[in-house]
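Okay, structure first, notes after.
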Amino acid sequence: MGDELEARIAERALAYVVDPPRGDDPVIELASPAELRKVFDASVPLEFDSVATAHHDDAIVEAVDSVIRYSVHTSHPRFVNQNFAGPDPVSVAGDFLGAALNTTGATFEAAPVFTLMESAVLAKLGRIAGYVAADSDPLPTVPPGLFCPGGSTATLYALQLARQRLRPDVNTTGATGEKLTVFVSDSGHYAASKSAALLGLGTDAVIKVESDDAGAMIPDALGDALTASKAAGQVPLAIIATSGTTVTSAFDDLHALADHAEAHGVWLHVDGCYGGSALFSPTERHRLDGVERSDSFVWNLHKMMGMTQQCTALLVKEPSRLAECFALRADYLFQPDKLHAEYDSGDRTFQCARRVDVLKLWLAWKHHGDTGFAARIDHAVAMAQRGAARVASSDGEFAHVTGTFTNVVFGWIPPELRPTNLTPLSIPTLSAETHATLHAIPPRIKRRMQQEGSAMMGFQPIAGLNTFRLLVMSPTVGPDDIDSLFDQISEYGMSISAITS
Ligand SMILES: Cc1ncc(COP(=O)(O)O)c(C=O)c1O
């Protein structure tokens, strides 16, 4: 590579991608906002003055080194913090290439290769989800969905599509004030409420249906909620099923929810942002049985599949609905009389410019094949099972809370409180003192992990009690990493409890 600034930055990025931090390297070098400002003041300050001066390349390269040094190393095998982790290196290179070719996926004219790649990938995802027949066209002119920027945006799209089917005039006349309702489990993602707010349905339109102990929607509770909503003069618009809840990885019973959707004539959207990728694994795909009966299905390939953020596919059962919902036929862009205009995707989306997120996925999928993709899921499940086994065999040191698939939710119990049952039903029965002691432990252990840079694992309240969440997303997480994560929690827990007792 040359001496140009871009070459020097790219060189560092590539070195990072091919040899990311691991082993004894820190997961994070924690710095406060004030410390970060000081670090950058030594090269290129973070803030801009009212007149921004140009900086010397050497200073910028020094700043780039600080960016890398003080960022969270999500590729590190002990980053098990949330439902994404370090990227598949091929997808990073694909993202870079897509950026280098800087175009918009909106038209065939500007993105001939990417348009066909999108068609190919969406058709393949559609076949895997049972949205299209196994022998259907592998390169359709109108694919069964679109790529969009993230799961929350896809939820917004899905609700807009649902409303367009129910009330085709609303796009032109505007919302009438009719009370349309959306049903999602009380463990579902907040994207439902945000989307309802943006669409003018109001967050009150989102009816949170009770979920079971594991976090899956109770189908009978959904039936009751639909009936009650109708009795109250509301009009049920959509059911959002969750395939892999964010916190506990619960999978809703899609057949049961589809029965309700069909009985009430309601749109069924499946939020598979996290768990949709189970479909890649022959042993895990049963978790989404019934997804083929849904009207739309979102799948975040930037979570379990390690594509760089963002890479989200929204599948739509009746793809023609996308154009019905979004087309405005801007004649300066979607001229019907230009070459291959029938392939243009831009009038089937809300966006105008659209990143070519498909490229990185296409490259990674061609590189790993179906078998490699399945192995990625199976490995993550096996590592989570190793974590669950450690909890189960710990003689009360760790207490299982919930979790399935690639997720284990658990607590660390100080010696004087062992054993303590932390299943979601038993948490409310803990004494106030025990609750307070256990609640304080995960944040303190997490803080120490960050301060020492040894690991990053998430925690969140379950039934009001802070608990750890081990989320395995990356193939870099090996058995030794799982073991050392638990060893670390054990060590930190013991030192905290020695100080407090
Ligand atoms: C179940 C679920 N749905 C939706 C989302 C939102 O996806 P995004 O972050 O891409 O907007 C998430 C993100 O974690 C999620 O876990």
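Here are the numbers:
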| read-out | value |
| --- | --- |
| Every residue from region 303-352 that is assigned to a loop (DSSP other than H, G, I, E, B), among the aliphatic types (A, V, I, L, M) and within 16 Å of the ligand (Cβ to nearest atom) | Met304, Met305, Met307 |
| Per-region count, region 1-59, residues among the hydroxyl-bearing types (Ser, Thr, Tyr), under 30 Å from Leu485 (Cα atoms) and part of a loop (DSSP other than H, G, I, E, B) | 1 |
| Unique residue being buried (at least 24 other Cβ atoms within 10 Å of the Cβ), over 22 Å from Gly372 (Cβ atoms) and at pLDDT 95 or above when the list is Asp253, Asp289, Asp259, Asp271 | Asp271 |
| Counted residues, region 5-46 - those being without any contact (Cβ under 8 Å) to a residue 24 or more places away in the chain, of a type in the set (Asp, Glu) and either touching a helix residue (DSSP H, G or I) at 6+ places or on another chain (Cβ under 8 Å) or surrounded by 13 or more Cβ atoms within 10 Å (Cβ to Cβ) (or both) | 1 |
| Count of region 85-102 residues which are under 13 Å from Val356 (Cβ atoms) and crowded, with 18+ Cβ neighbours inside 10 Å | 4 |
| So Ser91, is it without any contact (Cβ under 8 Å) to a residue 40 or more places away in the chain and hydroxyl-bearing (Ser, Thr, Tyr) | no |
| Selected residue (criterion: nearest to the ligand (Cβ to nearest atom)) from residues of region 195-206 that are in contact with a Ser or Thr (Cβ under 6 Å, 6 or more places away or on another chain) and assigned to a helix (DSSP H, G or I) | Ser195 |
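A quick yes/no check of all residues on (1) within 24 Å of Ser211 (Cβ to Cβ); (2) buried (at least 17 other Cβ atoms within 10 Å of the Cβ); (3) under 22 Å from the mean Cα position of the chain (by Cα):
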residue: Pro443; (1), (2), (3): no, no, no
residue: Glu452; (1), (2), (3): no, no, no
residue: Gln460; (1), (2), (3): yes, no, yes
residue: Thr467; (1), (2), (3): yes, yes, yes
residue: Val472; (1), (2), (3): yes, yes, yes
residue: Pro475; (1), (2), (3): no, yes, yes
residue: Gln488; (1), (2), (3): no, yes, no
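The values are calculated or read from the model by the stated rules, or taken from the named source; none is laboratory data. Because the structure is predicted, anything quoted here is derived from the model rather than measured. Every residue, glycine as well, gets a Cβ built from its backbone with ideal geometry; the counts of neighbours run over all protein chains shown.
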